[in-house]
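Engineer: Sharing a structure with you now.
The values are calculated or read from the model by the stated rules, or taken from the named source; none is laboratory data. Predicted model only: the values in this text are computed from it and were never measured. When we count neighbours, we look across all protein chains shown, and the Cβ atoms used for this are built from the backbone with ideal geometry, even at glycine. In case anyone asks, the SASA skips ligands and DNA or RNA and just uses the protein heavy atoms, side chains included. Shrake-Rupley method; radii C 1.70, N 1.55, O 1.52, S 1.80 Å.
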Amino acid sequence: GLKGESMAGGKIKLSWNGVTGAAGTNIYRQAPSETGMTLLVRVDDVQEYTDQPAEEGIYLYAVSSVRSENGQEAESGLSPSVSVESDSTAPGLPLNLALELIPQGIKAEWETNGYTGEITYRLYRADLALITDVAGLTPIITNIVSTAAIDPTPSLSEHCYAVTAVDQSGNESL
């Protein structure tokens, strides 16, 4: 069956089971402002496609297999549709990060930013005066569900910390 997954940056990853003997797969999409499915793209020899819609919102997708025989092509009926959200907006930054040296390590605490969707947090550490971008950094703790975490192995050289919020699609603040 067809599966859809919301990804960071508003991308939507589609995957489906291949059909034996199919020459290709037609992917149909209905955008939030549209009233019906339209052909988005035909792909051959793959069972996965990543869409990058221009606008955020809920999209419907369906696929059909294409068979080719004697120079003629025939298309199957559409699969059951899947509904997937395109979300490219990162949640806001966590607020008021505070660090405290405790016997277990460095305790980091912060406040939520009022974001109402499901989020997790990532804690970063670097030997910078200020972390303004996490590109190229590896979080020391991921999938934090509360507003506190403990770095059990503080670094002798990396003393700057930052925390980011990550939504269900993988969009990360900062």
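Engineer: Percent of Cα-Cα pairs more than 27 Å apart in the chain, please.
Structural biologist: 46
Engineer: For the chain, what is the accessible area per residue in Å² when the probe is 1.4 Å?
Structural biologist: 58
Engineer: With the Cα gyration tensor of the range 76-171 in hand, convert its eigenvalues to equivalent ellipsoid semi-axes via √(5λ) and list them largest first in whole Å.
Structural biologist: For the range 76-171, the semi-axes come out at 33, 14, 12 Å.
Engineer: Among residues other than V84 whose Cβ falls under 12 Å from its Cβ, what is the net charge (Lys/Arg +1, Asp/Glu -1)?
Structural biologist: Combined, the nearby Lys, Arg, Asp and Glu give -1.
Engineer: Where Lys and Arg each count +1 and Asp and Glu each count -1, what net charge lies around Q52 among other residues with Cβ under 13 Å from its Cβ?
Structural biologist: Within the 13 Å Cβ shell, the charges total -1.
Engineer: Here's a follow-up. What number comes out for the charge environment of E172, summing +1 per Lys or Arg and -1 per Asp or Glu over other residues with Cβ under 15 Å away?
Structural biologist: Combined, the nearby Lys, Arg, Asp and Glu give -2.
Engineer: Can you return the aspartates and glutamates within cross-link range of K107? Criterion is Cα-Cα under 17 Å, with same-chain partners fewer than 8 residues away left out.
Structural biologist: Reachable aspartates and glutamates: D151, E158.
Engineer: To continue, here is another question. Setting aside same-chain residues fewer than 8 positions from K3, which lysines have a Cα under 21 Å from its Cα?
Structural biologist: Within the straight-line limit of under 21 Å, K3 reaches these lysines: K11, K13.
Engineer: Also, quick follow-up: Of the GluC sites (Glu not before Pro) in the range 83-174, which ones lie in a loop per DSSP and count no more than 11 other C-beta atoms within 10 Å?
Structural biologist: Counting only loop positions with at most 11 other Cβ atoms within 10 Å, the GluC sites (Glu not before Pro) in the range 83-174 are E118.
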